[in-house]
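*Asks:* Take this structure, written in structure tokens, and hold onto it; I'll ask about it next.
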Amino acid sequence: PAATAEITLSVNGRRRAVRVEPRVTLLDALRERIGLTGTKKGCDRGECGACTVLVDGERVKSCLTLAVMRQGSEITTVEGLADGDRLHPVQEAFIRHDAFQCGGCTSGQIMSAVACIEEGHTGSPEEIGQWMSGNLCRCACYQNIVAAVADAAEEVRR
Ligand code: FES
Ligand code: FES
């Protein structure tokens, strides 16, 4: 068996000790070791964005990075967005705008949207579309996703 190492990840403000092989991706560590299954595995090779999380506030495709490399960073997953029973403005906007069908891409879209708004790339629908283009939606909810991001950006600005 391959050697494992005990590492500590900071996820949604909580320190989590996990034992992983060095080749384990951040995505698998989150889902399979820590039990945070809100982050989805789509392609597992960097193409779909379903696995997007925030690492120190920046969006990262968690299937493309190793868990061992993310010690000392603050990781935020979709489970970390709501404030108790109060959903994050981006989550609320996705519901208001019907911005999902099967939901497979949704947590990745939402994490990406949070960063997109933070980065200030929400000047127009075209700009939002461009900066959200790393997140694919097989159900083609793109129009509603862009509308949700635009609306949430307004909300966050207020
Ligand atoms: Fe990571 Fe598709 S699962 S980009
Ligand atoms: Fe089904 Fe986006 S809602 S893939």
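*Asks:* Hey, any hits in the stretch 111-121 for a residue that's under 24 Å from V60 (Cβ atoms), more than 16 Å from ligand 1 (Cβ to nearest atom) and not in a helix (DSSP H, G or I)?
*Replies:* yes
*Asks:* For the stretch 59-79, what are the residues that are among the small types (G, A, S), under 18 Å from A17 (Cβ atoms) and surrounded by 15 or more Cβ atoms within 10 Å (Cβ to Cβ)?
*Replies:* Scanning the stretch 59-79 gives A67, S73.
*Asks:* If only one of C102, C137 is closer than 27 Å to V11 by Cβ, within 16 Å of ligand 1 (Cβ to nearest atom) and crowded, with 20+ Cβ neighbours inside 10 Å, which one is it?
*Replies:* When all the criteria are applied, what remains is C137.
*Asks:* Take G84 and decide whether it is modelled with pLDDT under 95 and away from ligand 1 (no atom under 16 Å from the Cβ).
*Replies:* Criteria met by G84.
*Asks:* Select from the stretch 35-59 the residues that are away from ligand 1 (no atom under 11 Å from the Cβ) and assigned to a loop (DSSP other than H, G, I, E, B) and list them in ascending order.
*Replies:* Correct list: G35, L36, T37, G38, D56, G57.
*Asks:* Does any residue of the stretch 119-127 turn out to be within 17 Å of the chain's Cα centre (by Cα), modelled with pLDDT of 95 or more and within 17 Å of K41 (Cα to Cα)?
*Replies:* no
*Asks:* Quick one: is E118 touching a residue at least 60 places away in the same chain (Cβ under 8 Å), surrounded by fewer than 24 Cβ atoms within 10 Å (Cβ to Cβ), charged (D, E, K, R) and touching a Gly at 6+ places or on another chain (Cβ under 9 Å)?
*Replies:* Taking the combined requirement at face value, the residue satisfies it.
*Asks:* Only residues in the stretch 89-106 that are over 12 Å from D151 (Cα atoms) and among the aromatic types (F, W, Y) count as the first member; pair them with residues that are at pLDDT 95 or above and in a helix (DSSP H, G or I), Cβ under 7 angstrom, at least 6 apart or cross-chain, and list the lot.
*Replies:* Close Cβ pairs satisfying both conditions: F100/F94; F100/T106.
The values are calculated or read from the model by the stated rules, or taken from the named source; none is laboratory data. Predicted model only: the values in this text are computed from it and were never measured. Cβ coordinates were reconstructed from backbone atoms using ideal geometry, including for glycine residues, and neighbour counts include every protein chain displayed.
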